[in-house]
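Trainee: Pasting in a structure now, in structure tokens, and then I'll have a few things to ask.
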Amino acid sequence: MSNHSNYNPDNGLASMPQKYIGLFYNACSEPCDMLQGPCACGAWHHQEEWPDEIQEEIFGNVSVKESVIKRKPIIK
Ligand SMILES: [Zn+2]
């Protein structure tokens, strides 16, 4: 069973796995629902913004690109 179904390499879009929705917020009250592509928060996200473990899980690798932002989950 693969978790990679959240990522579609054909169009480059990756959705946030359900279990992580509510852990990541950007500049608005809508929780992030995309890892790569147009997000509910209004931003367009890129793989390298996310924690390494999530990149590994969803994309199958960790991006070598530098990111100005490294998103962190909310500690509840
Ligand atoms: Zn977002």
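The values are calculated or read from the model by the stated rules, or taken from the named source; none is laboratory data. Remember, it's a predicted structure, so these values are computed and weren't measured experimentally. Don't worry about glycine lacking a Cβ; one is built from the backbone with ideal geometry, like all the others, and counts go over all protein chains shown.
Trainee: Consider only pairs whose beta carbons are under 7 Å apart and that are at least six residues apart or on different chains; among these, list those whose first residue lies in region 54-66 and is surrounded by fewer than 15 Cβ atoms within 10 Å (Cβ to Cβ) and whose second residue is in a loop (DSSP other than H, G, I, E, B) and hydrophobic (A, V, I, L, M, F, W, C).
Mentor: Every condition considered, the pairs that remain are Glu56/Val62.
Trainee: What number of residues within region 15-55 satisfy the criterion of being touching a strand residue (DSSP E or B) at 6+ places or on another chain (Cβ under 9 Å) and of a type in the set (D, E, K, R)?
Mentor: First, the residues of region 15-55 that are touching a strand residue (DSSP E or B) at 6+ places or on another chain (Cβ under 9 Å): 15-17, 20-26, 31-41, 43-47, 49-50, 54-55.
Restricting the remaining residues to those that are of a type in the set (D, E, K, R) gives 33, 49.
Total meeting the criteria: 2.
Trainee: Moving to a separate point now. Of all residues in region 20-53 being of a type in the set (Phe, Trp, Tyr) and touching a residue at least 40 places away in the same chain (Cβ under 8 Å), which is farthest from the ligand (Cβ to nearest atom)?
Mentor: The residue in question is Tyr20.
Trainee: Take Leu23 and decide whether it is at pLDDT 95 or above and in a strand (DSSP E or B).
Mentor: Numbers: at pLDDT 95 or above: yes; in a strand (DSSP E or B): no.
Here the answer is no, as Leu23 does not meet what is asked.
Trainee: Of the residues that make up region 56-69, is at least one β-branched (Val, Ile, Thr) and in contact with a Phe, Trp or Tyr (Cβ under 8 Å, 6 or more places away or on another chain)?
Mentor: Step one: list which residues in region 56-69 are β-branched (Val, Ile, Thr), which gives 58, 62, 64, 68-69.
When the remaining residues are screened for being in contact with a Phe, Trp or Tyr (Cβ under 8 Å, 6 or more places away or on another chain), the result is 58.
Scanning region 56-69, I find at least one residue that is β-branched (Val, Ile, Thr) and in contact with a Phe, Trp or Tyr (Cβ under 8 Å, 6 or more places away or on another chain), so the answer is yes.
Trainee: Inside region 36-53, can you point out the residues that are outside any strand (DSSP E or B) and surrounded by 13 or more Cβ atoms within 10 Å (Cβ to Cβ)?
Mentor: Of region 36-53, the ones outside any strand (DSSP E or B) are 39-43, 46-53.
If the condition is that a residue be outside any strand (DSSP E or B) and surrounded by 13 or more Cβ atoms within 10 Å (Cβ to Cβ), then Cys39, Ala40, Cys41, Ala43, His46, Gln47, Glu48, Glu49, Trp50, Pro51 are the ones that fit.
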